[in-house]
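*Asks:* The structure under discussion is supplied below as structure tokens; questions concerning it will follow.
The values are calculated or read from the model by the stated rules, or taken from the named source; none is laboratory data. No experiment lies behind these values; they were computed from the predicted model shown. Heads up, the Cβs are rebuilt from the backbone with ideal geometry, glycines too, and the neighbour counts pull from every protein chain shown.
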Amino acid sequence: MTALSALFLFVGFLIAGEAGMMIALLFATATNLFAYWNSDRVLLSMYGARQVDETTAPDLVHTVRQLAEQAGLPMPRVYIVQNDQPNAFATGRNPQHAAVCVTSGLLARVNGEELAGVLAHELSHVRNRDTLTMTITATIAGAIAMLANFAFFFGGSERRNPLGFVGLIVVAVVAPIAAMLVQMAVSRTREFEADRMGAEISGRPLWLASALQKIDRAAAVTDNPQADANPATAHMFIVNPLHGGGLAGLFSSHPSTEERVARLRAMADRPPVQAGPWA
């Protein structure tokens, strides 16, 4: 987050010198405040998520409640997105304002144990406050890209920045790539940690490992139109909802499923982790 904030200020400086840096600082503050208070509502609305309860989705809500108690978390809101791709995400600025969302495709493709593994992973993001961290990094990265587009189409003040035309090239090309790499690095790190803690919450690392394999195979051949239209939100999901290969791996928001599964299996081979409510 510090690296992205510094890059954002640097981009503002290259566009319009010290004045541009101050404008960038004010803009970053405003966008982060908006993201802090409204990111959950915006994201859930973007995907057309429907809130459910014990009456409309009793099994799902019951599982979330058990896992939240096991994790020492308040009960989050629970949502379902009508989407054939199996996937899930969590959002909210803190555990008291958290929401967990699954797709209809996930509910159709995993069993109860695998679903518990996925939900434990998402609750780990809530417990670690990754939902806030990843939202803010995505907001700053998106703002950097917007500034870069502004510089590309309208030009910057070559007279007021020390690098002149070279500085504008940096803004238009290098800065967005650097921002994306930092954002992806943050996301990958948090996914590994959420896998580990999620396995501890459920008490069964192999439940999540099995779910990840199913989700990865199905997501690779199932489109996610909402994610395709909003690629900046891809890092919020448990498995990358976007399709791509080759160099796309460099910009992937998630570590490889193979490595995640290998780490979970290694956890299962060690002495038992803390037992969850299903042990």
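*Asks:* Quick check on Glu200: is it over 16 Å from the mean Cα position of the chain (by Cα) and either at pLDDT 75 or above or in a helix (DSSP H, G or I) (or both)?
*Replies:* Working: over 16 Å from the mean Cα position of the chain (by Cα): yes; either at pLDDT 75 or above or in a helix (DSSP H, G or I) (or both): yes.
Criteria met by Glu200.
*Asks:* Restricting to helices (runs of 4 or more DSSP H) lying wholly in the stretch 56-154: which have 1 or more residues that are at pLDDT 95 or above, crowded, with 22+ Cβ neighbours inside 10 Å and among the charged types (D, E, K, R)?
*Replies:* On the way: elements: 58-71, 104-109, 112-127, 130-154.
Per the criteria, 112-127.
*Asks:* Only residues that are in contact with a Lys or Arg (Cβ under 8 Å, 6 or more places away or on another chain), at pLDDT below 95 and buried (at least 19 other Cβ atoms within 10 Å of the Cβ): list them for the stretch 178-195, please.
*Replies:* Within the stretch 178-195, the first condition is being in contact with a Lys or Arg (Cβ under 8 Å, 6 or more places away or on another chain), and the residues that meet it are 191-192, 195.
Right, trim to at pLDDT below 95 and you get 191-192.
Scanning the stretch 178-195 gives a single hit, Glu191.
*Asks:* Looking at the structure I just gave you, is Val100 in contact with a strand residue (DSSP E or B) (Cβ under 9 Å, 6 or more places away or on another chain) and among the β-branched types (Val, Ile, Thr)? Outline the logic, then answer.
*Replies:* Numbers: in contact with a strand residue (DSSP E or B) (Cβ under 9 Å, 6 or more places away or on another chain): yes; among the β-branched types (Val, Ile, Thr): yes.
The answer is yes for Val100.
*Asks:* Is it fair to say Arg265 is farther than 22 Å from Thr103 by Cα, at pLDDT 90 or above and surrounded by fewer than 14 Cβ atoms within 10 Å (Cβ to Cβ)? Give the derivation first.
*Replies:* Details: farther than 22 Å from Thr103 by Cα: yes; at pLDDT 90 or above: yes; surrounded by fewer than 14 Cβ atoms within 10 Å (Cβ to Cβ): yes.
Considered against the rule, which asks whether it is farther than 22 Å from Thr103 by Cα, at pLDDT 90 or above and surrounded by fewer than 14 Cβ atoms within 10 Å (Cβ to Cβ), Arg265 comes out as yes.
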